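Accompanying notes for the structure given below.
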Amino acid sequence: MKLTALKIYQFELPLALALPVKKRVLLKRSGLVLVLKDSLGNVGYGEISPFPGVHKENLHDALLYLQKNRHEILRMEFPLQCRELNGAFEKLLAPLQS
């Protein structure tokens, strides 16, 4: 299966209550929403919202990665049916790591 579209939407939402995370207090939640469409017309949604200080990835780097590799991701062949990815998506994207 091939992806035909990859849209990226950035969001920032205020939290109703302050959220303590490690040694920080978060007052907002920031992230990316991904909308993927394949050649069969299926649409999938994903989200990337790393917690600052918790995840090794950060939002800025995730956005840069997607922007830099968008065309390569759209050229990749993905398994048509899979019950669980179990890291398979990470393995597919590994060659794009710089």
Legend entry - Degrees, to the nearest 10: 59-75 long Cα axis against longest axis of the chain: 10
Legend entry - Extension gain, Arg70 back to Glu57 (0.36 nm per residue minus Cα-Cα distance, nm): 2.9 nm
Legend entry - Given charges at Cβ of Lys, Arg, Asp, Glu: the chain dipole, positive-most of Thr4, Leu74, Asn58: Asn58
Legend entry - For segment 1-49: relative contact order, % (alpha-carbon pairs under 8 angstrom, 6 or more apart): 41
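Kindly provide the GluC sites (Glu not before Pro) of segment 1-81 that DSSP labels as loop, not H, G, I, E or B, and whose Cβ sees at most 14 other Cβ atoms within 10 Å.
Glu57
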Legend entry - Candidate lysines for bridging to Lys56, where Cα separation is under 17 Å - those fewer than 8 sequence places away on the same chain excluded: Lys22, Lys23
Inset, instruction - Would you calculate, for the chain, the mean residue ellipticity at 222 nm contributed by helices, counting each DSSP H stretch of 4 or more residues as -39,500 (n - 2.57) and dividing by all residues, to the nearest 500? - result: -7000 deg cm²/dmol
Legend entry - Most mobile listed residue (Asn58, Asn69, Asn42) in the chain, GNM with C-alpha springs under 10 Å: Asn42
Inset, instruction - Classify the chain as rounded, prolate or oblate from the Cα gyration tensor: take a ≥ b ≥ c as the square roots of its eigenvalues, call it rounded if a/c is under 1.5, otherwise prolate when a/b beats b/c and oblate if not. - result: prolate
Legend entry - Per-residue HN-Hα couplings for segment 12-22 [Karplus 6.51, -1.76, 1.60; θ = phi - 60°; Hz; x = Gly/Pro]: 8, 10, x, 8, 5, 10, 4, 10, x, 9, 6
Inset, instruction - Please report, in debye to the nearest 20, how large the charge dipole of segment 6-53 is about its Cα centre when each Lys and Arg carries +1 at its beta carbon and each Asp and Glu carries -1 there. - result: 280
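In percent, how large is the relative contact order of the chain, given Cα pairs closer than 8 Å and 6 or more residues apart?
28
All of the numbers you see were taken from the coordinates with simple rules; none came from a lab. Just so you know, these numbers come straight off a predicted model, no measurement behind them. Neighbour counts are summed over all protein chains in view; Cβ atoms, including those assigned to glycine, are modelled from backbone coordinates with ideal geometry.
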